[in-house]
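Structure first, then comments.
The values are calculated or read from the model by the stated rules, or taken from the named source; none is laboratory data. Since this is a predicted model, take the numbers as computed values, not measurements. Virtual Cβ from ideal backbone geometry, glycine too; neighbours counted across all protein chains shown.
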Amino acid sequence: MTAVLEASIVEQLVAAIAPVLGEANVLTSKTARYSRARVPAPFPVHRWAERVPDLVVLPGSTEEVAHVVRVANEFGVPIVPRDGGTGLTDGAVPERRGIVVDVKRMNLIHEIDLENRTATVGVGISMLKLNEVLAQHGLIYPDNPASYPCSLVGGRIGTSGWSLIGSRYGHSRDLVLSFDMVTPTGDIIFVGDGGGRKISKSSSGYQLKHLFMGHQGTLGIATTATLKLYPKAEAEFSAFWAFDDYDVAYKAVGALARAGIATFAGAVLFDEKKVEYLRRDDEAYIPQPESVKALVCSVGYGNSDEVAAGGRRMMRIARDLGARYMGDEISQGDWASRHDRYATPVHGRTLSGQVALMSWHCEDAAINYTDLPAVTREWHAIVEKLRRKHDVFDDWGMFAYTSSDTGVDYLTEIDIGIWEEKLDDTTWAAFVDAKREIAAVSLKYGGSISACHGSCREGEVDLVPQELGGGYDVMLAVKRALDPNNIMNPGKYGLDRAYDNEGDRR
Amino acid sequence: MSEHHAHGTEPSSIELLPIELLPIDTAQASSDFVDEWRNAAYNCYSSGHKFCREVCPVMQVTRNETWTPTAFHANVVAMDKGELDIADIAEDYVNCTQCGACELRCPNTLMLGDFYRFRTRTVDLVKAVRTLAVDTGIHQPQWKTWNELTDARSHEPVLGEQPVGQDSVREWADGLDIPIGGDDILFVDCEAAFYRTSVPRAVAQILQMAGHEFGLMQEQWCCGGPAAEMGYRDQAMRFARHNLDNWKASGAKRILVLDPHDYISFTEDYPKYFGAEFDLEIVLVLEVVAEYIRSGALTPRVAIEKTITYHDPCRLNKRKGVWKEPREILRSIPGLTFNDVDHVTQWSYCSGGGGGLAIEKPELTALISGARIKKASELSVDTLVSACPWSERPLSAAGEPENIDVVDIHEMLAESLGITVGGSRGAR
């Protein structure tokens, strides 16, 4: 555990930063710091104080961010970017305390280019708020994570986010054309194809955009981004189908994803445990007969005529495989409420069936279609073993979402209810072990530890070098080159080992 | 009644009237508070969605995560774990208008409210923290003064230095020939009674035109709601007691309410204070008037050639689900071009005037009302119609530079009914 900074150092940091950012934007109160110590990923409550930052700053411009980073370098103090703080791999958690750079004030829309279909924004804006403005022009920025109502563009860059409708529109890495970013030494660089912000494909020089997306704040802080815009869809098709068994549902989701329907935006497979979980008290599923064991949802977006044709084809594919359409009310309602229902604390149950307020933990992976059934079985077995041993965990079932328009791979997730309030050191250690086992299964089947969240947390992070092969050494070299003092979000991804203990000045 | 509530007596100095400081044990009070709120706080903390954030009016203009409903709940967990105490957190809870948007947007409310009766209650939490602060001797300076003056004058000091009190609380009704007492009592909030007197004048004359018999209170005090919102619960209860006794003494059966804030006080606070003893019917004037229009008892005929949009007052739309009737009324007025914004989109709108924010942090209220006016401005309207007197002062101030007039829905309806309203749309 990192010790808190001495008060005199904090005072010096404030004195160095406040003249540039303004006193109102340098926060030292306990509440300001405690409220930026967490993300939604569960962590033992009794250890909350370990990760409370020493200082919070709210910069309003790229230059102000650069100033803060330069000050942090001068003092050798860790710096942690915080955008929405909605991530699930602790990217925004100040594990070594230091300065949290909260970018939410940088939420201006700088430009909407109607001809080239781009928007240039401060990274502190949420997609929801941006889309409220874009809707006036008939446009949309279709980056749509489960945290759509509150996650921010900058966090999507830092985590290389995954989008629910990415099979149609691509994911954050496809939708973000370019961005300004402040490097760990306080330099301001431009990242993207071409020199003018709005190029979607170039072959000139190293392709740095992927490097500077998904680094979980270890390589710098994005500040201004240029985004690719689409016409706001005229029509939406969303259908939910019920199946008597998982195997048929699995076949159906594969068939839908492989059908080559241009308006296809994604398909989701709910396994038996997930249906069981939703039955606990979800009004939509309680009336469904017990024979319903698995569900598939498929959605399409686009122009009305194209969506209608694509929808008819999807209905036919599902019906031919024995699917039962669940009706318009569930189909439209469940899809519309998709962002809201991914975690409901009172759905938590102990082994005896007692309701317990549980946090939601979602362990994700990228898995090829052909390996989904095996991974599903093995993951459930790991969680079942965990919950039999410690009655503070619960299996909330699994989803598999298409990641692309061909159905090659899926974001696979197992949702685990965790009675966070009761987590002690023993149960936390057991959970970390289970996460490591889950990640090991993903690698065994040739997948990635994460399609969506990142893999920084205790447990799975141990296996990242294995997943990346020699690439992990390149990660270390890049980190060392760009962040000589190891001040940028230290402690993440095991990157301390890039420094032989020399660079970690805390 | 305490002696300083004598009619029309202005205290020579507020220093003579210290706010009550109860001899309370901070540790015990904090522990009771945590016991009451622990589960609700964990319900938010453990889900961690933060969907409330972008609908919160304060968060939208400050972008400060310290002042979000999520943080407000998490602080309780931190108190439970001994990490924070009431002195650490009290000041942050100023930053809330108690609009209720966060409660509506909370997935726990959406998915669980009906099933478990466990909807998110951030507004009540904010009130509870403010009450704990006051009870343990932690005061916000402007709120303290405001409540001392209210206590001294029996009404809120909405005119600043200019006195308000019993001798002038019915002046707004001059010339309208409204009796005292009766089955139906029209209750007029402090802002409308002393500041925007055109609103109660419009309401009274609309009701008179419809043939609705009503009277005024013998001795009306502030509803006590603002004191409750700022944490001065004992004072709020004393004021409520006075009003209830006064209603009972005059044999009132129904209380007609024109102000959404009063509507909350009378339908939520008073029943909690008095239980079964509180057996009066509380009627929102807007709903009565909409019914008169439906039945043909009132027919607006004077065309009003304006381009308007409607501001859903938070306490009507977000907290009481009243959004149809105002639109019905506006659509009955000839001549209007009505550029409406649906009531769900307006979950994220607010005037910034509620929850005492305008008293302690007027600069935040100005930012919030400015943002609201900007939304109206994008619709190319010349008039923003509201139905809440407390919203109309900050919105008018923000509307002036944008050339957007702020009109109360009752004022506009009265005009279309051919009524000469009179009164003032601002300070007298």
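Of all the residues that make up segment B:300-358, how many are touching a residue at least 24 places away in the same chain (Cβ under 8 Å) and more than 30 Å from B:Val123 (Cα to Cα)? Of the residues in segment B:300-358, 17 are touching a residue at least 24 places away in the same chain (Cβ under 8 Å) and more than 30 Å from B:Val123 (Cα to Cα).
A single member of A:Arg47, A:Arg33 is of a type in the set (Lys, Arg), part of a helix (DSSP H, G or I), within 11 Å of chain B (Cβ to nearest Cβ) and touching a Pro at 6+ places or on another chain (Cβ under 8 Å), and it is A:Arg33. Number of residues in segment A:207-244 that are crowded, with 21+ Cβ neighbours inside 10 Å and at pLDDT below 95: the value is 0.
The requirement of being within 23 Å of A:Cys456 (Cα to Cα), buried (at least 19 other Cβ atoms within 10 Å of the Cβ) and either of a type in the set (Asp, Glu) or at the interface with chain B (Cβ under 10 Å from one of its Cβ atoms) (or both) is not satisfied by A:Arg97. With respect to being farther than 30 Å from A:Cys456 by Cβ, surrounded by fewer than 20 Cβ atoms within 10 Å (Cβ to Cβ), among the hydroxyl-bearing types (Ser, Thr, Tyr) and not assigned by TED's automatic domain parsing to the domain that holds A:Ile416, A:Ser352 falls outside the description.
Among the residues of segment B:164-187, those that are of a type outside the set (Gly, Ala, Ser) and loosely packed, with under 15 Cβ neighbours inside 10 Å comprise B:Asp167, B:Glu171, B:Asp174, B:Asp177, B:Pro179, B:Ile180, B:Asp183.
Just one of the listed residues (A:His67, A:His46) is surrounded by fewer than 24 Cβ atoms within 10 Å (Cβ to Cβ), at negative phi and at pLDDT below 95, and it is A:His46. I'd like to check something: does segment A:86-93 contain any residue that is aliphatic (A, V, I, L, M), at pLDDT 95 or above and under 24 Å from A:Asn144 (Cα atoms)? For segment A:86-93, residues aliphatic (A, V, I, L, M), at pLDDT 95 or above and under 24 Å from A:Asn144 (Cα atoms): present. Could you list all residues from segment A:107-132 that are under 15 Å from A:Pro231 (Cβ atoms) and either assigned to a loop (DSSP other than H, G, I, E, B) or within 13 Å of another protein chain (Cβ to nearest Cβ) (or both)? Listed by number, the residues that qualify are A:Leu114, A:Glu115, A:Asn116, A:Arg117, A:Asn131. Scan segment B:50-89 for residues that are assigned to a helix (DSSP H, G or I), polar (S, T, N, Q) and buried (at least 23 other Cβ atoms within 10 Å of the Cβ) and the total you get is 3. Report yes if A:Val57 is more than 22 Å from A:Gln216 (Cβ to Cβ), within 14 Å of chain B (Cβ to nearest Cβ), surrounded by 23 or more Cβ atoms within 10 Å (Cβ to Cβ) and at pLDDT 95 or above, otherwise no. Here the answer is no, as A:Val57 does not meet what is asked.
Could you tell me whether any residue of segment A:414-427 is charged (D, E, K, R), modelled with pLDDT under 95 and surrounded by fewer than 21 Cβ atoms within 10 Å (Cβ to Cβ)? Yes, segment A:414-427 has at least one match.
Just one of the listed residues (A:Leu411, A:Leu386) is touching a residue at least 24 places away in the same chain (Cβ under 8 Å), among the hydrophobic types (A, V, I, L, M, F, W, C) and either in the same structural domain as A:Arg173 (by TED's automatic domain parsing) or assigned to a helix (DSSP H, G or I) (or both), namely A:Leu386. In the set (1) out of contact with any Asp or Glu (no Cβ under 8 Å at 6 or more places or on another chain); (2) surrounded by 16 or more Cβ atoms within 10 Å (Cβ to Cβ); (3) free of Cβ contacts under 8 Å to residues at least 40 places away in the same chain; (4) farther than 17 Å from B:Arg63 by Cα, A:Ala18 fails one condition alone, (2).
Only a single criterion out of (1) closer than 30 Å to A:Glu236 by Cβ; (2) in contact with a strand residue (DSSP E or B) (Cβ under 7 Å, 6 or more places away or on another chain); (3) away from chain B (no Cβ under 14 Å) is not satisfied by A:Trp360, namely (3).
Scanning segment B:153-160 turns up one or more residues that are surrounded by fewer than 22 Cβ atoms within 10 Å (Cβ to Cβ) and at pLDDT below 95.
Taking B:Val126, is it within 21 Å of B:Pro313 (Cβ to Cβ), within 11 Å of chain A (Cβ to nearest Cβ) and out of contact with any strand residue (DSSP E or B) (no Cβ under 6 Å at 6 or more places or on another chain)? Judged against the criteria, B:Val126 is not a match. In segment A:77-94, the qualifying residues are those that are among the hydrophobic types (A, V, I, L, M, F, W, C) and assigned to a strand (DSSP E or B), and the one that is farthest from the other protein chains (Cβ to nearest Cβ) is A:Ile79.
Within segment A:341-355, residues that are more than 7 Å from chain B (Cβ to nearest Cβ) and on the phi > 0 side of the Ramachandran plot reach no partner that is of a type in the set (Val, Ile, Thr) and surrounded by 21 or more Cβ atoms within 10 Å (Cβ to Cβ) with beta carbons closer than 9 Å at six or more positions or on different chains. Residues of segment B:208-229 that are among the aromatic types (Phe, Trp, Tyr) and under 15 Å from B:His155 (Cα atoms): B:Trp221 alone. Hey, any hits in segment B:92-100 for a residue that's in contact (Cβ under 8 Å) with a residue 40 or more places away in the chain and part of a helix (DSSP H, G or I)? Yes, because at least one residue in segment B:92-100 is in contact (Cβ under 8 Å) with a residue 40 or more places away in the chain and part of a helix (DSSP H, G or I).
Residue by residue, here is whether (1) touching a helix residue (DSSP H, G or I) at 6+ places or on another chain (Cβ under 7 Å); (2) surrounded by fewer than 16 Cβ atoms within 10 Å (Cβ to Cβ); (3) within 14 Å of another protein chain (Cβ to nearest Cβ) holds:
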position: A:Glu6; (1), (2), (3): no, yes, no
position: A:Val39; (1), (2), (3): no, no, yes
position: A:Pro53; (1), (2), (3): yes, no, yes
position: A:Glu63; (1), (2), (3): no, yes, no
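Being within 25 Å of A:Pro289 (Cβ to Cβ), away from every other protein chain (no Cβ under 14 Å) and either in a loop (DSSP other than H, G, I, E, B) or among the hydrophobic types (A, V, I, L, M, F, W, C) (or both) is a property that A:Ile330 has. When B:Thr150, B:Thr131, B:Thr120 are checked against the criterion of being in contact with a helix residue (DSSP H, G or I) (Cβ under 6 Å, 6 or more places away or on another chain), hydroxyl-bearing (Ser, Thr, Tyr), outside the structural domain of B:Ser348 (by TED's automatic domain parsing) and crowded, with 22+ Cβ neighbours inside 10 Å, a single residue qualifies: B:Thr120. Among the residues here, B:Leu367 qualifies as under 18 Å from B:Trp67 (Cβ atoms), touching a residue at least 60 places away in the same chain (Cβ under 8 Å), surrounded by fewer than 24 Cβ atoms within 10 Å (Cβ to Cβ) and within 19 Å of the chain's Cα centre (by Cα). For residues that are touching a helix residue (DSSP H, G or I) at 6+ places or on another chain (Cβ under 7 Å), facing another protein chain (nearest Cβ under 7 Å) and without any contact (Cβ under 8 Å) to a residue 24 or more places away in the chain, scanning just segment B:54-74, find the one that is farthest from B:Gln98 (Cα to Cα). Out of the qualifying residues, it is B:Glu65.
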